[in-house]
Structure formats: C-alpha cells, structure tokens
1. With respect to the cross-link table entries Lys304/Lys342; Lys304/Lys387; Lys275/Lys387; Lys514/Lys543; Lys275/Lys324, which display a Cα-Cα separation exceeding 22 Å?
2. Take the Cα gyration tensor of the range 47-97, multiply each eigenvalue by 5, square-root it, and list the three semi-axes largest first, rounded to whole angstrom.
3. Quick one: net charge around Asp116, please, counting Lys, Arg +1 and Asp, Glu -1 for every other residue with C-beta under 12 Å from its C-beta.
4. Please give the net charge around Gln5, taking every other residue with its beta carbon less than 14 angstrom from that of Gln5, where Lys and Arg add +1 and Asp and Glu add -1.
5. Mind giving me the FRET efficiency for Glu555 and Asp427? R0 is 51 Å, r the Cβ-Cβ distance, nearest 0.05 is fine.
6. Taking a 1.4 Å probe, which of Arg510, Arg191 shows the most accessible area, and what order do the others take after it?
7. Name the trypsin sites (Lys or Arg not before Pro) in the range 289-347 that are in a loop by DSSP and that have at most 13 other C-beta atoms within 10 Å, would you?
8. Pull up all non-local amide H partners of Thr257: gap of 5 or more, or a different chain, and H-to-H distance under 5 Å with H placed in the peptide plane.
Amino acid sequence: MRASQLLIPTLREVPADAEVVSHRLLVRAGFIRKAAAGVYNLLPLALRVVKKIEAIVREEMDRQGGQELVMPIIQPAELWQESGRWDVYGPELFRLQDRHGRDFCLGPTHEEIITDLVRNEVKSYRQLPLLLYQIQNKYRDERRPRFGLLRGREFIMKDLYSFDRDQAGLDISYQKMFFAYSRVFERCGLRFRPVEADSGAIGGKDTHEFIVFAEAGESTIVFCNHCDFAANVERAFSPPERFGVDEEPAPLREVATPGRRTVAEVTAFLGVDAKRLIKTLLFETEQGVVAALVRGDRDVNEIKLQKELGVLRCELADSATVEKVSGAGPGFAGPVGLAGVKIAADLEIMQMTNAVTGANKDDAHLVNVNPGRDFQPDLVADLRLVKAGDACPGCAHPLSATQGIEVGQIFKLGDKYSKVLGATYLDESGQARPVIMGCYGIGITRTMAAAVEQNHDENGIIWPFSIAPFHVVVVPVSDRDEKQMEMAQKTYASLLAAGIEVVLDDRPERPGVKFKDADLIGYPLRITVGKQAVRSGELEVKKRAGGETTFVPAEKIVSYVREIIEGALAG
Ligand code: 9G3
C-alpha cells in the first residue's frame with residue numbers, strides 16, 4: 001500500500017481525554033477515532049491488527065475442534081427472562097424495543113442464545129462434546145467507559161461455549177481452552193499469566209483469567225515467586241495469621257481516645273500494633289446493615305463479603321448510617337454491644353486476644369476485647385483482601401502483587417444455564433440429562449490495546465511482528481529526489497511481489513515527519529532510501545524494537561526481510 005492512499009490520520013498532539021498510553025497512541029497513530037463515549041471507529045490500520053489477532057484466535061480454536069458460527073446481536077428478552085438475568089442486570093444491559101413494543105437487548109454475551117440453540121438442536125449424547133464459537137461485537141453500557149479500547153461500550157469478543165455430557169467432559173474442554181488461550185496470547189507476543197479468578201455474578205466453580213502485565217491494568221494479581229500460585233486479589237486466599245493467641249484474656253476496659261478515628265491514630269495514641277486492632281466497617285446491603293470485622297492492618301475484600309452474605313448490593317455505609325447504627329461518629333464503631341446489625345468476622349478475628357475496638361461511643365475505644373467472650377459474630381469467614389507480603393497459600397512464601405489487563409477468561413458453568421433453560425440430551429440409557437457447559441472469552445479489541453500498553457516507547461507503538469498492521473515501511477528521504485524515489489519504488493515493488501506486508505511512504509512530507517510517523521505507527525521494520533543508498537546500493541534496515549540498523553545490498557533486501565519476518569513469526 002502507498003501511504004498517500006491510506007487513511008492513517010496521525011496526530012502530533014495528545015488527545016485530551018486519553019488517560020492511558022494505548023488510548024493516546026492508538027488515536028495519535030491513526031488507528032482509532034471516537035464516535036461516542038466508549039464507541040470507536042476502527043480505521044484501516046486497526047482493522048488489520050484486529051484481523052491478525054482474530055486469525056490467531058480462529059486457528060487455536062479450530063485446532064481444539066471449535067466450530068465457528070454467528071449468533072444474533074439483537075436478543076429477545078424472553079430468553080433472558082427464562083434464565084432470570086433480565087432482572088439481574090440493570091442499566092449495563094442495552095435494552096431496546098421493536099415496533100410492536102417487544103423487548104430486546106444488544107448482546108453483552110451469548111449464554112442464553114446458545115443454550116436455546118443447543119436445547120433445540122442437540123438431542124443425543126452422540127452429538128457431544130461440542131465447542132461452538134463466534135467473533136462478534138458485544139454491547140455493555142458501562143457506567144464509566146474509559147481507557148479507549150480497554151473499557152468500551154462496544155467491543156469485539158471471541159466467545160466460545162462448550163457442551164459436554166458430564167463434568168469429566170467439561171474438565172477436558174476446559175483444559176483444551178486453557179491450552180489454546182495460552183497459545184493465543186503467546187503468539188500475540190504478550191507477557192501474560194493465567195490466574196485463578198472469581199466467577200462473580202455468573203456463577204460456576206473453576207475460572208481462570210488471562211492477565212497481560214501492564215501498569216494501566218485494572219486487575220490486581222498476587223503471585224508467588226517460589227511456587228506456581230497466581231490469583232486475582234478478588235479471589236486470592238492467604239492463610240490466617242495467629243497474633244496474640246498466647247495471651248491470657250484480660251478484663252474488658254473502656255479508654256478515652258479523643259479524636260482518634262483511624263487505625264494509625266488509634267495505634268499511635270494507645271501505643272499498640274495495628275495487628276491488635278479489630279477494624280469494624282459497616283456496609284449497607286439489601287439485608288440491612290452489616291458490620292465486617294478485619295484485623296487493623298487488613299482490608300475487607302468486598303467481593304468475598306458479598307458472596308459470604310449472599311447479597312447483590314454491598315456498599316460502604318455513609319456517616320449518617322454509621323451514626324444511626326453505632327451511636328457514634330465514623331471511627332468509633334465496634335462489635336461489642338452493637339445491636340440490630342449482622343456481624344461478619346474474618347477468620348483471623350476469632351484467634352485474637354485482648355484486642356482493641358471502637359466503643360460505639362464518640363472519642364472512646366475498648367481494650368482487652370476477646371471475641372467469643374465479648375461478642376459473637378453471626379458469620380465467620382475469609383473476608384480479607386490479600387496483599388503483597390502476605391503468605392502464599394501453597395508454600396507460605398511472601399506473595400508479590402502487580403497490575404494487569406484481563407484479556408481472557410474461562411469458566412466452568414456446569415448446569416447453571418442448561419438446567420433453567422432445559423437444555424438436555426438423552427444418554428445411552430435414554431435418560432434426559434442437562435448438558436454440562438463452559439464459556440470462554442477473549443477480548444479482541446482489548447488484546448490490541450493491551451499489546452500497545454506492553455509494547456511502546458516515548459516515540460510510539462512497537463508492534464510484535466505477529467499482530468503488526470504491516471511489517472515494513474519503505475521511506476524515501478526526499479520525495480523530490482528522482483533517484484531515491486525510483487529506488488524506493490523498486491524496493492517496495494519487489495517486497496510487495498514477494499508477498500511481504502509493506503507500505504511505501506510516498507507522501508510529499510519532510511523526512512522528519514515520515515520518520516516520526518513510522519515510529520509512532522510502529523512498523524517492525526523501516527527501510528530508509530536516502531542519498532547514501534543511491535550512491536552505495538545499500539539500504540538501511542532499522543528494527544523498531546531495539547533500534548538496531550543494518551545495511552543490506554538492494555538485491556538482497558527481499559530475502560533479508562523475509563528471513564527476519566519468518567524468524568519472528570516462528571517465535
Ligand atoms: C450482562 C451484562 C454484562 C455482563 C454479563 C451479562 C459479564 C455477563 C460475564 C460473561 C461471562 C462469559 C462468554 C464469554 C466468556 C465470558 N458482563 N458477564 O454475563 F447482561 Cl450487561 O460474559 N461469557
């Protein structure tokens with residue numbers, strides 16, 4: 001392709017609303033343009049990248065026996081009512097009506113549609129297992145669309161659904177997808193890690209997320225450098241620490257703590273370790289106010305709390321509620337004598353002796369609080385948010401933490417959807433059984449953005465060869481120098497004839513502009529044709545990653561470039 005004919009609207013200035021590198025660079029390098037909040041045009045370069053990622057995904061899905069199909073984006077409300085999810089999801093579900101006033105939604109995912117398809121078309125154990133997938137636009141009306149393609153309201157997803165006769169079959173399908181996903185992200189040139197995750201509202205047991213390491217990522221993962229444990233913090237468990245268990249319980253006593261509300265203030269004032277404090281956090285739920293107790297140096301994992309309570313809504317109470325419930329301002333609530341509130345204690349709490357808590361009274365705390373003696377929780381469970389330094393559940397070594405972007409997730413659904421929707425098959429003995437399902441997603445557009453987050457420098461994008469929009473750009477230094485233009489054209493033509501993905505930057509621009517754009521767009525290889533090339537017959541080939549330059553005789557350029565590309569694609 002000739003740059004003069006391509007729509008690559010590069011920008012020098014940084015878009016004002018772009019908070020993360022991938023958003024800034026994809027806009028500046030002319031890959032994407034916003035149409036509405038969280039809704040983007042994918043310009044020709046972006047589409048080429050998307051198609052490459054999709055091709056890798058298709059190969060790996062097909063390798064595992066996946067069959068591609070396309071399901072509708074417009075989905076009837078009836079199916080969502082049957083699964084019960086029409087009412088579970090609120091404003092995040094894009095809803096619309098047809099001319100007859102019938103309800104529909106824009107597909108945020110396709111469990112309902114595919115389960116309906118399978119219940120109608122699959123009757124016998126002989127038709128199983130089945131792996132069905134599609135690559136398609138998805139719609140979710142995010143509260144705060146941001147970070148460009150990382151959290152859009154319309155995005156491209158590959159979603160695959162597995163159907164098996166039993167749990168053992170599902171385990172095999174899950175293994176296949178785990179393997180396929182690892183291959184996909186490796187082939188895309190990403191540094192990533194599969195981590196144990198939380199299945200959230202969709203239910204199901206086993207689930208892994210594939211996390212691409214990146215500072216801009218919204219996922220926090222903890223992992224062990226000593227064994228292979230890795231998990232999303234939302235899911236991570238760390239064994240409870242036993243602090244103060246050897247002490248003799250002392251008599252409960254109230255002490256004045258004027259104006260000391262925070263853990264730091266109270267521990268400094270009383271001269272005690274934060275590990276001696278019981279932190280009491282009040283949450284509002286549809287079951288009323290709940291007091292969650294964790295050690296002073298810990299935080300509450302709200303997702304675990306929500307799960308243990310079995311509630312859908314779980315928000316930190318405002319100060320008016322805190323006062324009404326505890327009779328004191330924020331910072332002085334405690335479990336002793338706290339009436340009319342459900343108390344949920346973390347595992348560590350019950351092992352503490354002579355602890356410090358709020359006294360449910362302004363400017364006062366209780367010391368020598370002994371759980372079991374002085375208060376009785378309604379629920380004891382693992383409620384703690386794991387952080388770096390906590391003990392690994394596998395080998396007790398301290399965990400590390402890092403940020404990342406979730407580019408894929410795989411779930412074992414079991415019979416959650418097949419049961420409610422009645423998707424059954426007849427087994428060998430003619431008995432009807434629910435099909436056992438799994439679902440598996442890859443964010444295609446998100447993977448493109450994640451690749452940019454991981455592969456860039458101050459000058460622009462550095463595409464891995466496997467997903468680069470083009471592999472080579474040929475840059476004549478002066479478009480007014482006939483000899484240079486001729487040599488550049490010839491180089492371009494020979495590469496093109498060899499089937500190499502090449503752009504000729506034939507625009508009437510200054511050399512500085514063309515070099516800057518080449519770096520910004522991130523072509524893996526740049527071939528420069530200047531005065532020296534014309535004189536010596538040698539072309540300068542520069543690698544975008546690392547900046548290494550080599551001079552190659554013009555007649556050898558095709559084989560040289562081909563070798564580099566083939567080497568890179570072979571991994
Ligand atoms: C909704 C809305 C948002 C949603 C969902 C449903 C997330 C929803 C989870 C999944 C699970 C898997 C198939 C591919 C792999 C992931 N956000 N999820 O179900 F109605 Cl508005 O999508 N689906």
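The values are calculated or read from the model by the stated rules, or taken from the named source; none is laboratory data. Just so it is clear, the model here is predicted, and its values are computed rather than measured. Note that each Cβ is placed from the backbone with ideal geometry, even for glycine, and that neighbours are counted across all protein chains shown. What goes into the accessible areas is simple: the full protein's heavy atoms, side chains included, and nothing from ligands, DNA or RNA. Shrake-Rupley method; radii C 1.70, N 1.55, O 1.52, S 1.80 Å.
1. Working: Lys304/Lys342 16 Å; Lys304/Lys387 15 Å; Lys275/Lys387 15 Å; Lys514/Lys543 16 Å; Lys275/Lys324 28 Å.
From the list (Lys304/Lys342; Lys304/Lys387; Lys275/Lys387; Lys514/Lys543; Lys275/Lys324), the Cα-Cα distance tops 22 Å for Lys275/Lys324.
2. Numbers: eigenvalues 195, 45, 20 Å².
After diagonalising the Cα gyration tensor, the semi-axes are 31, 15, 10 Å.
3. Working: positive: Arg119; negative: Glu78, Glu82, Glu111, Glu112, Glu121.
For residues surrounding Asp116, the net value is -4.
4. Working: positive: Arg2, Arg507; negative: Asp505, Asp506.
In short, 0.
5. On the way: r = 68 Å, r/R0 = 1.32.
For Glu555 and Asp427, the calculated efficiency is 0.15.
6. Working: Arg510 165, Arg191 125 Å².
Ranked list, largest accessible area first: Arg510, Arg191.
7. Values: sites: Arg295, Arg298, Lys304, Lys307, Arg313, Lys324, Lys342; in loops: Arg298, Arg313.
Within the range 289-347, the qualifying trypsin sites (Lys or Arg not before Pro) (loop, at most 13 other Cβ atoms within 10 Å) are Arg313.
8. Residues meeting the criterion, in which the H sits 1.01 Å from N, are Ala364, His365.
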